[in-house]
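Below you'll find the structure, written out as structure tokens, and then a few comments.
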Amino acid sequence: MKKTLLAVLALVCVSGSAWAQAPRNKDNVQREWTVIREAPITSVKNQNRSGTCWDYSSLSYFESELLRLGKGEYDLCESFVAYHTYMDRAQKRVRTHGDVSFAEGGSFYDVLYCLKHYGICPQEAMPFPGSLYGDSLFNFTAMWPQAEAIVDAIAKTKAKTIPVQWKDNLSSVFAGYFGQLPTTFDYQGKAYTPKSFAASLGLNWDDYVSLTSYTHEPFYSKFALEIPDNWRWGLSYNLPLDEFMEVMDYAVRQGYAFAWGADVSEKYFNYNGACVVPQDTRDRSTTGSDAERWSGVATTVVQPIEADGEKTITQEMRQLAYDNWETTDDHGMVIYGLAKDQDGKEFFMVKNSWGEYEPYGGKFFASKGFVAYKTMNILINKNAIPKAIRKKLGI
């Protein structure tokens, strides 16, 4: 399915076009948008009740890459990736005696690893998400506890040997929910295996790299982000913040999209409109305070985000937010373009995986300040990185 970019009045966005004025958002600012540049994207999907944003965002990004390169429109199968990734993660948890987490979340590297080692299939080669459980979309509320119980029973056992059938038991849970992993399938009149189908896409998986920006490791080196969902210990190239932002700005201006891992837990994260970082980011809620205890009422004071302008983000602020768990590995999305509001302020255009909610059909805008502050890492085509920075990274 191919969807056009929706605004409030369903205007199609092309480079230089204007978006209709949106209703007032949580920041109480009414904006009009003009697109500067955008990469092609496929339709907005809905991960529903599942922690699979890493899966949806990564495959959405590769679908964008295929469109950018003129290879056609694809709907790649999230179930195929989730099945393989969860089986691998379970085995890592068992091998580490429970020290590695077993959770619904994951990383961009999980998808890249799957594409390289297991291949991929189109959506139609497996049952539609949730359909085998009578759901219209993914809903892991019944399935995941079953999988977790099997894995933890083995990972935390006091036995000296492990029963070999535990992986078959776990695989049957996933097969019952996702469907059987296909070994062969037909697509547009041709027969494929998952590996041959991945090869037919014509993408060089070695072209895709993860970038981040933190000071606790040397710049221009690679390190594994210390987050639970990076259980494969995938490596990210480390850049100073100014160059990290330069890469993202340069990429979208050249017509590239990239997968964006970010913190979405802040009160000023606004998926219905525009994310910006207010000057005062302190929590003004009285929830849990002595005032609430005696009055019985919790209040929240929301500062108008534009009242004093947006906070200027520094490398030190980024690092502190990471070290004190204020910035966490919450959500994977796709940044696919650049737009400006009526005041000329530039925002990245973001594609989400929570369905086609209003006002922008499942898409929203993130300021450069928000992206500088709350980005954990990105997955990007190395050819979208300025040559001078690529040279420093040795790629």
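The values are calculated or read from the model by the stated rules, or taken from the named source; none is laboratory data. Keep in mind the model is a prediction, meaning the values are calculated, not measured. Glycine also receives a Cβ, built like all others from the backbone with ideal geometry; neighbour counts cover every protein chain displayed.
Confirm whether residue 123 is buried (at least 16 other Cβ atoms within 10 Å of the Cβ), touching a strand residue (DSSP E or B) at 6+ places or on another chain (Cβ under 8 Å) and not small (Gly, Ala, Ser).
When the stated conditions are applied, residue 123 passes them.
Could we say that residue 205 is among the aromatic types (Phe, Trp, Tyr) and crowded, with 17+ Cβ neighbours inside 10 Å here?
The answer is no for residue 205.
With (1) part of a loop (DSSP other than H, G, I, E, B); (2) closer than 26 Å to residue 101 by Cα as the list, and residue 153 as the residue in question, which single condition is left unmet?
For residue 153, the failing item is (1).
From the residues in the stretch 97-115 that are more than 23 Å from residue 333 (Cα to Cα) and in contact (Cβ under 8 Å) with a residue 12 or more places away in the chain, which one is surrounded by the most Cβ atoms within 10 Å (Cβ to Cβ)?
The residue in question is 100.
Residues are listed down the side, and each one gets a yes or a no for (1) within 30 Å of residue 327 (Cβ to Cβ); (2) in a strand (DSSP E or B); (3) of a type in the set (Gly, Ala, Ser):
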| site | (1), (2), (3) |
| --- | --- |
| 180 | no, no, no |
| 186 | no, yes, no |
| 197 | no, no, no |
| 220 | yes, no, no |
| 223 | yes, yes, no |
| 230 | yes, no, no |
| 236 | yes, yes, yes |
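From the set of residues in the stretch 249-265 that are in a loop (DSSP other than H, G, I, E, B) and touching a Ser or Thr at 6+ places or on another chain (Cβ under 7 Å), which is surrounded by the most Cβ atoms within 10 Å (Cβ to Cβ)? Write out each step before concluding.
Initially, the stretch 249-265 is screened for residues in a loop (DSSP other than H, G, I, E, B), giving 254-257, 263-265.
After this cut, where a residue has to be touching a Ser or Thr at 6+ places or on another chain (Cβ under 7 Å) as well, the list is 257, 263, 265.
On the way: 257: 28, 263: 20, 265: 12.
That would be 257.
Identify all residues within the stretch 36-90 that are in contact with a Gly (Cβ under 6 Å, 6 or more places away or on another chain) and among the β-branched types (Val, Ile, Thr); write none if there are none.
Passing the criteria: 44, 85.
Would you tally the residues in the stretch 236-268 being touching a residue at least 60 places away in the same chain (Cβ under 8 Å) and closer than 18 Å to residue 330 by Cα?
Residues in the stretch 236-268 being touching a residue at least 60 places away in the same chain (Cβ under 8 Å) and closer than 18 Å to residue 330 by Cα: 11 in total.
For residue 80, indicate whether it is at pLDDT 95 or above, part of a loop (DSSP other than H, G, I, E, B) and closer than 30 Å to residue 163 by Cα.
Values: at pLDDT 95 or above: yes; part of a loop (DSSP other than H, G, I, E, B): no; closer than 30 Å to residue 163 by Cα: yes.
No, not satisfied.
List pairs: first residue in the stretch 308-329 and at pLDDT below 95, second residue surrounded by fewer than 16 Cβ atoms within 10 Å (Cβ to Cβ) and outside any loop (DSSP other than H, G, I, E, B) anywhere in the structure, Cβ distance under 8 angstrom, at least six positions apart or on different chains.
Within 8 Å, the pairs are 326/320.
Hey, can you tell me all the residues within the stretch 116-133 that are in contact (Cβ under 8 Å) with a residue 60 or more places away in the chain, closer than 16 Å to residue 181 by Cβ and either among the β-branched types (Val, Ile, Thr) or in a loop (DSSP other than H, G, I, E, B) (or both)?
118, 119, 120, 121, 129
Within the stretch 192-202, restricting attention to residues that are hydroxyl-bearing (Ser, Thr, Tyr) and over 14 Å from residue 77 (Cα atoms), which residue is surrounded by the most Cβ atoms within 10 Å (Cβ to Cβ)? Break it down into steps so the answer makes sense when it comes.
The initial filter retains those residues of the stretch 192-202 that are hydroxyl-bearing (Ser, Thr, Tyr), namely 192-193, 196, 200.
Then drop every residue that is not over 14 Å from residue 77 (Cα atoms), which leaves 192, 196, 200.
Values: 192: 21, 196: 12, 200: 13.
Restricting to residues being hydroxyl-bearing (Ser, Thr, Tyr) and over 14 Å from residue 77 (Cα atoms), the top hit is 192.
One line per residue, one yes/no per condition, for (1) crowded, with 19+ Cβ neighbours inside 10 Å; (2) at pLDDT below 95:
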| residue | (1), (2) |
| --- | --- |
| 149 | no, no |
| 157 | no, yes |
| 169 | no, no |
| 174 | yes, no |
| 182 | no, no |
| 190 | no, no |
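For the subset of the stretch 199-218 comprising residues that are assigned to a loop (DSSP other than H, G, I, E, B) and more than 26 Å from residue 87 (Cα to Cα), which member is nearest to the chain's Cα centre (by Cα)?
For the stretch 199-218, the residue satisfying everything is 213.
From the set of residues in the stretch 134-147 that are outside any loop (DSSP other than H, G, I, E, B) and either surrounded by 17 or more Cβ atoms within 10 Å (Cβ to Cβ) or of a type in the set (S, T, N, Q) (or both), which is farthest from the chain's Cα centre (by Cα)?
146
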